[in-house]
1. Note the full-extension length gain between LYS305 and ARG39 as 0.36 nm times their separation in residues minus their Cα-Cα distance, in nm to one decimal.
2. Excluding ligands and nucleic acids, what accessible area in Å² is computed for MET127 using a 1.4 Å probe, to the nearest 10?
3. Just to make sure I understand: if all protein chains stay in place, what is the order of THR139, THR247 by accessible area at 1.4 Å, largest first?
4. What residues have an amide H closer than 5 Å to that of ALA164, excluding those fewer than 5 places away on the same chain, when H is modeled at 1.01 Å from N in the peptide plane?
5. Count the DSSP beta bridges whose two residues both fall in the chain, then state the antiparallel fraction as a percent rounded to the nearest 5.
6. What's the FRET efficiency of THR82 with GLN285 using the Cβ-Cβ distance as r and R₀ = 25 Å, to the nearest 0.05?
7. Out of residues 5 or more away from VAL197 or on other chains, whose amide H comes under 5 Å of its own, with H placed 1.01 Å from N in the peptide plane?
8. Please work out how much length the chain gains when fully extended from THR271 to ASP293, using 0.36 nm per residue of separation minus the C-alpha to C-alpha distance, in nm with one decimal.
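The values are calculated or read from the model by the stated rules, or taken from the named source; none is laboratory data. Keep in mind that what you see is a predicted model, and the values were worked out from it rather than measured. Neighbour counts are summed over all protein chains in view; Cβ atoms, including those assigned to glycine, are modelled from backbone coordinates with ideal geometry. Protein only, heavy atoms only, side chains kept; ligands, DNA and RNA dropped before computing areas. Shrake-Rupley method; radii C 1.70, N 1.55, O 1.52, S 1.80 Å.
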Amino acid sequence: MNELIIELTEINPREFFGLQNSNIQLLKKYFPKLKIVARGSKMKVYGDEDMLEEFDLRLNMLLDHFAKYNKLDENVIERVLTSESKEDYETSAISGETLVHGVGGRLIKAQTANQRKLVESSNINDMVFAIGPAGTGKTYTGVALAVKALKEKQVRRIILTRPAVEAGENLGFLPGDLKEKLDPYMQPLYDALRDMVPAEKLESFIEKGIIQIAPMAFMRGRTLDNAFVILDEAQNTTRAQMKMFLTRMGKNAKFIITGDPGQIDLPRRVTSGLKEALLVLKNIQGIGMIYLDDKDVIRHKLVKKVIAAYKEIEHRNE
């Protein structure tokens with residue numbers, strides 16, 4: 001049996017190993033055929049030579065990340081250990097371009113390979129579909145791109161919309177004024193904006209119409225010029241709504257359409273506008289389609305497990 005010895009000299013071993021060696025436990029999970037022992041500032045790893053070489057490569061990627069960012073969490077470890085190569089991880093996660101300097105100096109950037117593909121696709125296409133399950137950063141990355149475009153004066157306004165499908169877009173029966181009726185449906189969009197635009201500035205932008213948040217029904221009849229437009233939860237649009245929305249595109253406009261075809265809330269026998277659009281538009285030049293998956297989930301670690309469990313049930317049913 002071969003042996004690999006790594007000594008951590010320039011970083012704090014306790015922080016790198018994690019609370020109660022939690023990060024080491026993750027390494028053991030991904031390298032079950034290796035024996036990994038961490039004591040003090042040293043790691044000793046035993047196993048086959050080929051497996052030790054792979055472990056050494058991945059560990060050095062983790063050490064580089066820790067040295068640069070002074071932190072390590074489960075999401076980073078998983079992305080490092082599951083990326084196809086060091087170059088793939090670095091271009092998508094470590095060296096990714098900062099999209100927006102958010103509130104409190106927070107650096108907002110694409111954190112996974114597919115999020116990076118979404119950014120690149122938006123740079124070369126005026127219309128992009130971002131498809132994937134909850135928590136993969138579709139909407140968040142889209143909003144960051146929109147805020148970046150506004151700050152750089154590439155567009156004059158941001159328009160964010162989603163179908164209020166739970167109320168059938170018939171909001172009259174809900175209590176309160178129009179804003180109070182709409183806010184529950186638009187909350188995820190507000191949440192993303194609050195991370196990227198200071199509160200007073202955001203309020204001013206909304207009052208002046210520079211940032212508009214409205215349900216799909218409010219798009220009808222408009223021509224959206226000089227705007228960055230995001231349609232969120234697009235799987236809940238009908239065929240007619242999707243066609244109506246896509247044909248609102250005006251001069252100097254960018255469209256991002258996000259959705260999860262696995263979470264359709266439309267009545268039975270009603271065709272999802274998103275599903276149809278992906279088929280109808282797939283060969284049109286200037287339209288990008290990016291598919292995100294559970295590897296892109298950056299919420300709580302349990303979200304990935306929930307998605308995987310439901311995916312398994314769906315496969316069984318099929």
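1. Result: 92.7 nm gained on full extension.
2. Taking all protein chains as shown, MET127 has close to 20 Å².
3. THR247, THR139
4. Here the answer is GLU169, MET216, ALA217, since their amide H atoms fall under 5 Å of that of ALA164.
5. 40
6. Computed FRET efficiency for THR82 and GLN285 comes out at 0.20.
7. Under 5 Å from the amide H of VAL197: VAL103.
8. Full extension of this stretch gives 5.6 nm more.
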